Amino acid sequence: MLLSRTKAADDPAKQKEIKEKQKKKLPELEDFLQKRDYSGAIALLEFMRNTGQGLPMTELWIGFCAFHMGDYARAKHEYEKILEKEKSKSVGEVFTYLSCCLFMLGMYKKAEEIAQKAPKSPLQTRILFHVAHKMNDEDKLMSLHQQLQDILPDQLCLASMHYMRNHYQEAIDIYKRYLLENRQYLALNIYVALCYYKLDYYDISQEVLAVYLQHFPDSAIGINLKACNHYRLYNGKAAEMELKNLLENASLSFSYAKDLFKHNLVVFQNGEGALQVLPSLVDVIPEARLNLVIYYLRQGNIADAYDLMKDVDPSQPNEYILKGVVNAAVGQEQNSKENLKVSQQYFQLVGGSASDCDTIAGRQCMASYFFLIRHFEDVLVYLNSIKSYFYNDDIFNFNYAQAQAAIGSFKDAEQSFALIETEKLKYDYVYLSWLARCYIRNNKARNAWELYLKLEQSTESFNLLQLIANDCYKMGHFYYAARAFDLMERMDPNPEYWEGKRGACAGAFQLIVAGHEPRETLREILLLLNHTSSPQADSMVKVMKKWARDNKINV
């Protein structure tokens, strides 16, 4: 007998039980919020809204989640929909939420207008406080400051204002006060760590940050700060590894921080991919503009660097410093006294400020200021105080060597130049000319001559030849002075070059006679004189040949 294939009758009780189990398995909104999985929460809310299972205030919850995942445009859209539908006073607080979105989107004037429509509340005061800061309205800022209360949200708002105005110690004091009272406020550790990072205490920042990361090891902001500390304490490779591990192993959506990660990876990779990433972030991440300027400067693209910085009104030390560097580069390239003067002012402002005068950056600024006004003894005072931090830094050693050479410490300068490994710098005319001068002053004229021989013919190589000729003549290295003047005479039959060659050949002959120069050199001196057709040259050749015969020297 064949077995029946007819489906068994459904058991209503059993079906009800299955439905109940399925219902219980559905995730709750609270589950997503506790995991900080805001994209998951939005997906659930959208599903419930589309299937008619919407929670009370679904739009508010979607706006909340969108805001916290950094999708401020989406949050703004949800709040605007609520305000279109609801005209009652019960949604007045939504104006405040909408104002927060507008603020985060950089629409400060509009944010202020919308916040004014909201009922008075501590949140309204806080958002207006931040708007006043962004719009540089100091009177409003001070007035709203007086309205802040001694409650946690208001005090944290004040601490963030201290942070943005570079008053990091004041911010730390507020955060630490609440941390002592409430150890469970773990997120405050990350704010304290950020402040220590800004104060250049990277090791302390790392210690404080570790407390937070023990509880939230997948925190995007936490790992990003850890990577930044590694970049400062170690190198770009260590920082890059931290950030790449986060991107590869992240279980949650960190889309709100993706621009920050992309930006920082460019910095950690020493500018790799800068032109693909940074231009689109210039108005999104404040540091993006500055790092793009740095990239342009490193590539020698001074014009684009200047265009990016010319309209920046500096408010922080790194902005003042970069304005100074860009103006110095333009001033030196275009021989513009105006740009150099502006550069000097910015460097002196940072280096002389009470908050920065004892920092590494502050001392670099003072060294740069004195460099531009050519007070090289003062340059070395500041550079010597920070030398231990820059032993392998080619740019530092380049400037350090120039200052040493400028005050006549040519042996020390030669040693500093020898530390430089960057090929681009080693072919720079400033490097070549100063190193040649150091060799000549340190009685190594042959080394200076070899520097010239490595160069291709150009205006710069001719200038270097001229420097070698004149400096060797001054220092009594007449043989190499004669060779240099001879080459210049053949390139350009200027009477001055013959006069220089004549004097150098006479000086070299005198040294040979005195026994301070090898006698074999005389043959080469005679060859140099034979390159010039003049009675004076002929007369000198006769005298030298007669002396050679008398002293039984074969020429």
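Read through the list (1) among the small types (Gly, Ala, Ser); (2) within 34 Å of the chain's Cα centre (by Cα); (3) buried (at least 20 other Cβ atoms within 10 Å of the Cβ), then give the number of the only condition that residue 448 fails.
Just one mismatch for residue 448, condition (2).
Given the conditions (1) over 21 Å from residue 211 (Cα atoms); (2) loosely packed, with under 15 Cβ neighbours inside 10 Å, report the number of the one that residue 162 does not fulfil.
Every condition holds for residue 162 apart from (2).
Given the criteria assigned to a helix (DSSP H, G or I), open to solvent by 50 Å² or more (accessible area, probe 1.4 Å) and under 25 Å from residue 446 (Cβ atoms), does residue 555 qualify? It would help to see each step written out before you state the result.
Values: assigned to a helix (DSSP H, G or I): no; open to solvent by 50 Å² or more (accessible area, probe 1.4 Å): yes; under 25 Å from residue 446 (Cβ atoms): yes.
Judged against the criteria, residue 555 is not a match.
Within region 96-126, which residues are within 24 Å of residue 182 (Cβ to Cβ), buried (at least 17 other Cβ atoms within 10 Å of the Cβ) and in contact with a Ser or Thr (Cβ under 8 Å, 6 or more places away or on another chain)?
123, the sole residue that qualifies.
Which condition from (1) under 25 Å from residue 220 (Cα atoms); (2) part of a helix (DSSP H, G or I) is the one that residue 70 breaks?
(2)
Give me the pairs, please: first residue somewhere in region 104-116 and farther than 18 Å from residue 284 by Cα, second residue anywhere and open to solvent by less than 70 Å² (accessible area, probe 1.4 Å) and aromatic (Phe, Trp, Tyr), beta-carbon distance under 7 Å, and either six or more positions apart or on two chains.
What qualifies is 114/95; 115/95.
Yes or no: region 79-95 includes at least one residue that is at pLDDT 70 or above, open to solvent by 80 Å² or more (accessible area, probe 1.4 Å), among the basic types (Lys, Arg) and out of contact with any Ser or Thr (no Cβ under 9 Å at 6 or more places or on another chain). Before the answer, list the steps.
Taking region 79-95 first, the residues at pLDDT 70 or above are 79-86, 91-95.
With open to solvent by 80 Å² or more (accessible area, probe 1.4 Å) added as a condition, the list becomes 84-86, 93.
Now drop any that are not among the basic types (Lys, Arg), which leaves 85.
With out of contact with any Ser or Thr (no Cβ under 9 Å at 6 or more places or on another chain) added as a condition, the list becomes 85.
Yes, there is a match, as at least one residue in region 79-95 is at pLDDT 70 or above, open to solvent by 80 Å² or more (accessible area, probe 1.4 Å), among the basic types (Lys, Arg) and out of contact with any Ser or Thr (no Cβ under 9 Å at 6 or more places or on another chain).
Please list, ordered by residue number, the helices (runs of 4 or more DSSP H) wholly in region 424-535 having 3 or more residues that are more than 29 Å from residue 393 (Cβ to Cβ).
Values: elements: 429-441, 445-453, 459-475, 478-491, 495-514, 521-530.
Of the helices (runs of 4 or more DSSP H) lying wholly inside region 424-535, those with at least 3 residues that are more than 29 Å from residue 393 (Cβ to Cβ) span 445-453, 459-475, 478-491, 495-514, 521-530.
Does residue 261 meet the test of being modelled with pLDDT of 80 or more and not small (Gly, Ala, Ser)? Walk me through it before giving the result.
On the way: modelled with pLDDT of 80 or more: yes; not small (Gly, Ala, Ser): yes.
Here the answer is yes, as residue 261 does meet what is asked.
Does at least one position in region 116-129 carry a residue that is under 30 Å from residue 319 (Cα atoms) and among the β-branched types (Val, Ile, Thr)? Lay out the reasoning, then the answer.
Filtering region 116-129 for residues under 30 Å from residue 319 (Cα atoms) gives 125-129.
Subsequent filtering for residues that are among the β-branched types (Val, Ile, Thr) retains 125, 127.
Yes; the residues of region 116-129 include at least one that is under 30 Å from residue 319 (Cα atoms) and among the β-branched types (Val, Ile, Thr).
Step by step: first the residues of region 270-290, then only those that are open to solvent by 50 Å² or more (accessible area, probe 1.4 Å) and under 14 Å from the mean Cα position of the chain (by Cα), then the one that is modelled with the highest pLDDT. Which residue is that?
Residues of region 270-290 that are open to solvent by 50 Å² or more (accessible area, probe 1.4 Å), as a first pass: 270, 272, 275-276, 279-280, 283-284, 286-287, 289.
Next cut, under 14 Å from the mean Cα position of the chain (by Cα) only: 270, 272, 286-287, 289.
Numbers: 270: 89, 272: 91, 286: 81, 287: 89, 289: 94.
If we take residues in region 270-290 being open to solvent by 50 Å² or more (accessible area, probe 1.4 Å) and under 14 Å from the mean Cα position of the chain (by Cα), then 289 is modelled with the highest pLDDT.
Would you confirm whether or not region 250-266 contains a residue that is of a type in the set (Val, Ile, Thr), open to solvent by less than 30 Å² (accessible area, probe 1.4 Å), in a helix (DSSP H, G or I) and touching a Phe, Trp or Tyr at 6+ places or on another chain (Cβ under 7 Å)? Working first, answer last.
Filtering region 250-266 down to residues of a type in the set (Val, Ile, Thr) leaves 266.
Keeping just the survivors that are open to solvent by less than 30 Å² (accessible area, probe 1.4 Å) gives 266.
Now restrict to residues that are in a helix (DSSP H, G or I): 266.
Now drop any that are not touching a Phe, Trp or Tyr at 6+ places or on another chain (Cβ under 7 Å), which leaves none.
No, region 250-266 has no match at all.
Run down 169, 149 and say which single residue is surrounded by fewer than 19 Cβ atoms within 10 Å (Cβ to Cβ), within 27 Å of residue 193 (Cβ to Cβ) and within 28 Å of the chain's Cα centre (by Cα). Talk me through it step by step, then tell me what you get.
Details: 149 fails: within 28 Å of the chain's Cα centre (by Cα).
Just a single option satisfies the conditions, and that option is 169.
Would it be correct to say that residue 154 is of a type in the set (Asp, Glu), free of Cβ contacts under 8 Å to residues at least 12 places away in the same chain and more than 21 Å from residue 74 (Cα to Cα)? Spell out how you get there, then give the answer.
On the way: of a type in the set (Asp, Glu): yes; free of Cβ contacts under 8 Å to residues at least 12 places away in the same chain: no; more than 21 Å from residue 74 (Cα to Cα): yes.
The answer is no for residue 154.
The values are calculated or read from the model by the stated rules, or taken from the named source; none is laboratory data. Small disclaimer: the values here were computed from a predicted structure and weren't measured. Methodologically, a virtual Cβ is constructed for each residue, glycine included, from the backbone with ideal geometry; neighbour enumeration extends over all protein chains shown. Accessible surface areas use protein heavy atoms only, side chains included; no ligands, DNA or RNA. Shrake-Rupley method; radii C 1.70, N 1.55, O 1.52, S 1.80 Å.
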